Amino acid sequence: MGLKILGTGYYLPEKVVTNADFAKIVETSDEWIVKRTGMKERHIASEPTHVMAEKAARMAVERAGLSPLDIDLILCTTVTSDYITPALACIVQGAIGAKNAAAFDINAACAAFVYALDMANMYLQHGYHHVLIVSAEGLSKITDYTDRSTCVLFGDAAGACVVGKGEGDFQSVLGSDGTGAHTLFARRPLNDIPFVEQADPQSVDHFPDVNRPGVLYMDGREVYKFAVNAMSTALKGACEKDGITPADLDLIIPHQANLRIIQSAAKELGLPLERFYVNIDRYGNTSSACIPVALAELDEQGRLTPGKKVGMVGFGAGLVYGGCVFTL
Ligand code: ACO
């Protein structure tokens, strides 16, 4: 049993911020950002995360040719929900009038869309019919605009899709390494105590103090190393479970954190870069929204043709990773 993409949607805030704009607020340049990351522009939201989520959700349900009443489960992924509680998924459920849907959120950072797809697949095998996945991120809310090593990387966006049961296969590999949690994290606003009080007293200061509450801290070099390895491990593993090799994949939709990471993963997997969908130049890293926004763009371009083998792979704070393969 597999899953089928029934409809896709996305939303990008109107405001576009270029590399030149960043050069006005921190010591950086268009040349450095393009060369080190592949990014040129990103969208920054003035609207809250739930508004972006709702717009992407509506588009996905409409494009699936369904009514919101046909949706029986909504899974939202975000690290930038507007509220600690309720879940973003409940706000979306109410906003679009999906009265028959259960709703909850998943926090698996930039890998969360793959986690959600994996979860949707399991629910579909157990009686659910139409699962709406919405990944919405307002990363600008947790970006430190005085830190040049992180602020140029992130953008805001929402991506969504409706999935139903399919004929084909679906295989995934999900994993995490919490010993790397201190390399990428954000404290809650107003929280100036150590992020995690661990059982081992020597570990209390595990999380760097340089980070201000409410904004992202990242040890870029450490995350980079993890990312290249996680991308190829997850994708190879999912292919192996499916009885194929990465070379059998027609299309790979990777998390868009850094063009160099995608290039290294392509090399590691022995695949041409053209096999990977890349839109990092236009949107930057929008965390869990990267993959579903790319999926929706591919849908618009008519490239999600039945029978194609698709791979998706993400990684992020946790540290977590997830890869999956399925037939469209
Ligand atoms: N402009 C100019 N110089 C910069 C900038 C900038 N925007 N940012 C950093 N530099 C400088 C550094 O200060 C350093 O200077 P120094 O040598 O004088 O100390 C130099 O550039 C090199 O810094 P590195 O950190 O080694 O640069 P690197 O090539 O590793 O690129 C980057 C940094 C882009 C962050 C990279 O490490 C990376 O992409 N890491 C992975 C990020 C990632 O995958 N994140 C995913 C998760 S994000 C999420 O989950 C929301």
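Is it true that ARG42 is among the basic types (Lys, Arg), within 16 Å of the ligand (Cβ to nearest atom) and not in a helix (DSSP H, G or I)? So ARG42 fits the description; yes.
Residues checked against (1) more than 10 Å from the ligand (Cβ to nearest atom); (2) in contact with a Pro (Cβ under 9 Å, 6 or more places away or on another chain); (3) outside the structural domain of ALA111 (by TED's automatic domain parsing); (4) assigned to a helix (DSSP H, G or I):
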residue: ARG221; (1), (2), (3), (4): no, no, yes, yes
residue: TYR224; (1), (2), (3), (4): no, no, yes, yes
residue: LEU235; (1), (2), (3), (4): yes, yes, yes, yes
residue: LYS241; (1), (2), (3), (4): yes, no, yes, yes
residue: GLN263; (1), (2), (3), (4): yes, no, yes, yes
residue: GLU268; (1), (2), (3), (4): yes, no, yes, yes
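Filtering region 59-75 to residues that are in contact with a Pro (Cβ under 8 Å, 6 or more places away or on another chain) and within 24 Å of GLY155 (Cβ to Cβ) leaves nothing.
Listed conditions (1) away from the ligand (no atom under 15 Å from the Cβ); (2) buried (at least 19 other Cβ atoms within 10 Å of the Cβ) are all met by ARG282, apart from (2). Among residues that are crowded, with 19+ Cβ neighbours inside 10 Å, touching a residue at least 60 places away in the same chain (Cβ under 8 Å), of a type in the set (A, V, I, L, M, F, W, C) and part of a helix (DSSP H, G or I), ALA230 is included. Scanning region 144-163 for residues that are near the ligand (Cβ under 10 Å from one of its atoms) and either under 30 Å from ALA64 (Cα atoms) or touching a Pro at 6+ places or on another chain (Cβ under 9 Å) (or both) returns a single hit, PHE154. Hey, any hits in region 101-118 for a residue that's among the polar types (S, T, N, Q) and in a strand (DSSP E or B)? Taking every residue of region 101-118 in turn, none turns out to be among the polar types (S, T, N, Q) and in a strand (DSSP E or B). Quick one: in region 263-307, which of the residues that are hydroxyl-bearing (Ser, Thr, Tyr) and within 23 Å of ASN229 (Cβ to Cβ) is farthest from the chain's Cα centre (by Cα)? Among those residues, the one meeting the criterion is SER264. Among the conditions (1) in contact with an Asp or Glu (Cβ under 8 Å, 6 or more places away or on another chain); (2) in a helix (DSSP H, G or I); (3) in contact (Cβ under 8 Å) with a residue 12 or more places away in the chain; (4) within 16 Å of the ligand (Cβ to nearest atom), the only one that HIS50 does not satisfy is (4).
Please work out if THR28 is surrounded by fewer than 24 Cβ atoms within 10 Å (Cβ to Cβ), part of a loop (DSSP other than H, G, I, E, B), among the hydroxyl-bearing types (Ser, Thr, Tyr) and within 16 Å of the ligand (Cβ to nearest atom). Yes. Are any residues in region 60-111 out of contact with any Cys (no Cβ under 9 Å at 6 or more places or on another chain), buried (at least 21 other Cβ atoms within 10 Å of the Cβ) and within 27 Å of VAL223 (Cβ to Cβ), and if so, which ones? Within region 60-111, LEU75, THR77, THR78, THR80, SER81, ALA108, ALA109, ALA111 meet the criteria. Looking at THR37, THR80, THR28, THR85, just one residue is in contact (Cβ under 8 Å) with a residue 60 or more places away in the chain and under 24 Å from LEU117 (Cα atoms), and that residue is THR80. In this structure, ALA116 does not qualify as surrounded by fewer than 23 Cβ atoms within 10 Å (Cβ to Cβ) and either over 13 Å from the mean Cα position of the chain (by Cα) or small (Gly, Ala, Ser) (or both). With respect to being assigned to a helix (DSSP H, G or I), at pLDDT 95 or above and basic (Lys, Arg), ARG58 fits the description. Scan region 84-129 for residues that are within 20 Å of CYS324 (Cβ to Cβ) and among the charged types (D, E, K, R) and jot them down. Correct list: ASP105, ASP118. At pLDDT 95 or above, within 16 Å of the chain's Cα centre (by Cα) and not aliphatic (A, V, I, L, M): does that describe GLY322? When the stated conditions are applied, GLY322 passes them.
The values are calculated or read from the model by the stated rules, or taken from the named source; none is laboratory data. A quick note: this is a predicted structure, and the numbers were derived from the prediction, not measured. Glycine also receives a Cβ, built like all others from the backbone with ideal geometry; neighbour counts cover every protein chain displayed.
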